[in-house]
Each structure stands twice: as C-alpha cells, then as structure tokens.
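Data block below; observations after.
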Amino acid sequence: MKIKVFSSGSDGNSTIVVANNKNILIDLGITRKQIVENLEKMNIGIENLDGILITHEHTDHIKALPTMLKECHIPIYLSKGTLNSIYDMYKASGKTKLTELIDKRYNDGSIIILSRNDNTLLYDSFNLGGIYIDVLPAFHDAAECVGYVIHEENKKLVYMTDTGYVHETIWPMISNAEAYILESNHDPEILMASNRPYNLKMRILSNHGHMSNEESMVTLANIMGPKTKVVLHAHVSQECNLSQLIELTRKKVFDSFGIDTENVEFEILHPYPSKEYSLWK
C-alpha cells in the first residue's frame, strides 16, 4: 500500500491511496491540474484512477469535482446527504449543466451512494475492485460527512478529518490500524484569541466542528496499537495551531497513557504534498 497526501487543510484536501494495484483518490479539494501533477509524480495517470471517495460537500474537499464530472468517468462514492447538498449548491448557482451531469452519472451508476442503516451510526462496507472499504460516520457542519477505512488484506488505513469527535461506537472498527490520517485542527486557546468571529469559534469548538490537538491525541491514544506505524496529523489550522503545540500535546497525552511511539512515524500535514509512504510491501 502507498499513501501520499497531496494537500491537507482549509486550502484544500486530497489524498491518494494505492492498494492491490488500485488507485483510490480521497477528496478533490485542490485543482484538477494539481491532482494531475501529483499523480504524474507517482507515475499514475488520471485515467488510471479506480475510484474517488468524497467525505463531504465543502469546497476544500470538492473543488475539482465539476471538472472531473465533465472530463473523467471515474466511479465516485459519497453519502446521500453529500450528493444532495452538492446538487443543491450547483442548482442554486445556476450550474444546470453540472446538475445534468450529476443526474446522468447517478442514473448510469457511476455515482454510488454509500448505504446507511438509519437506525445506527454505521454504513455498509463496500468493495472497490477488490479493496474493502468501511465508511465511518463523522460529525461536522455538513450534510452527511464521512470518513473511511481502507483495507489491504489484513492491514488498514483509517482516514478521518472534519469531525468534532470520533464516536466510541466505531473505535473497535478503527483500532490498531497500520496507518491513521486523523485531524488535529486547532489549539483552543489560540483559536479563542484569534480575530475569527465568535460564532465561527463556537462552531469549530462544537461536536460538529473540528477536533483540537488534545481531542485528537486522546482519540489516538485509545485506538492505536502495536501494528500502528504511521500517524499523519491532518487539517491543521494555519492560523490557530502550531506544529510545536501538536508535538507537545502528543507527548503529554501519550506519556499519560503510556503509549510507546518508538516505532511510529509521525508527520504534520500542510497544504502541500506530504512524504510518500510505502507500507506493507
């Protein structure tokens, strides 16, 4: 399995995962040109993508979606709430050609709705070309935000950003993964001292906002295990966070939990490409 984050944060989010010779893109929050350039550096053509996973409808996650809808016929997976919200956004903006494309692609089966049990938090898992993917409920100020677990044989990558918290119900699904991409968005004291409007501050701090450094580290301390080799701190606020604080908070929390990180590689993600991780050869 290979993992490379092309961009992470409010400026745009997009990640490539290569597993079992399948190329899976998570989110389209940067331009098509940026996506193509990053793929080409990994010797992957955009026509070689096997699927696109969308987490939610905010622009920093779907910026390139209009272009991809027009130019590429790649299966797109997303929740019903996200699809409806995108459709309404395009319709309200008068982008009728895009709504027609969504209708067409929904009808021909290349837009695939993630199936959810209305009585639980959980979604049905699905198979993307031999790759098994679990869908995680996320809690964000979006219509129906989700995260993903991508499995390769008995290994797994957990991808969860844009959520106010990670519900304990799904901890067993995401425990002891080989790799985590989990948001560590802000430091609450810096956030409250910032010039952001009060309502925005309260939204970010809420259960449907973004996870703070401490919330992220406590979650990781509860779900990491002996198999964990890579942790990528995602969706880091450029205004309301500092890399040093992320590292200090991680050390403080992990020490209090007795977490041994000697064999774990950490990276703090930014709005530019991460290191490429080649795992489990």
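Only the coordinates and a few stated rules stand behind these numbers; no lab work does. Here the structure is a predicted model, which means the values were calculated and not measured. Ideal geometry is used to build each Cβ from the backbone, glycine not excepted, and the neighbour counts take in all protein chains shown.
Taking every DSSP beta bridge that has both ends in the chain, the antiparallel portion is near 55%. Let me know the shape class of the stretch 2-83, please: from the alpha-carbon gyration tensor, a ≥ b ≥ c as square roots of the eigenvalues, rounded when a/c is under 1.5, otherwise prolate if a/b is greater than b/c, or oblate. Verdict is rounded for the stretch 2-83. Under the simplified labelling scheme, the Thr59-Ile112 pair shows an inter-label distance of 3.0 nm, with each label point 7 Å from Cα along Cα→Cβ.
The angle between the Cα long axis of helix 80-92 and the main principal axis of the chain comes to about 60°, on a 0 to 90 degree scale.
Once the Cα-Cα distance is subtracted from the 0.36 nm per residue extended length, the Asn176 to Glu214 segment shows a gain of 11.7 nm. When the alpha carbon coordinates of the stretch 130-265 are projected onto the principal axes, the ranges are 47, 36, 23 Å, largest first. Relative contact order of the chain, please, whole-number percent, based on alpha carbon pairs below 8 angstrom and at least 6 residues apart. Value for the chain: 19 percent. Do any GluC sites (Glu not before Pro) in the stretch 121-176 lie in a loop, going by DSSP, with at most 15 other beta-carbon atoms within 10 Å of their beta carbon, and if so which? Here the GluC sites (Glu not before Pro) that fit, given the DSSP loop and packing criteria, are Glu153. Of the Cα atoms belonging to the chain, the radius of gyration and Dmax stand at 18.1, 55 Å.
Structure remark: mean-square fluctuation, Gaussian network model of the chain, C-alpha springs under 10 Å; the largest value among Gly94, Gly130, Gly45 belongs to Gly94.
In Å, the Kirkwood hydrodynamic radius of the stretch 120-195 over pairs of distinct alpha carbons? Value: 13.8 Å, from the Cα pair sum. For the pair Lys2 and Lys70 in one chain, pulling the backbone fully straight at 0.36 nm per residue adds 21.7 nm over the alpha carbon distance.
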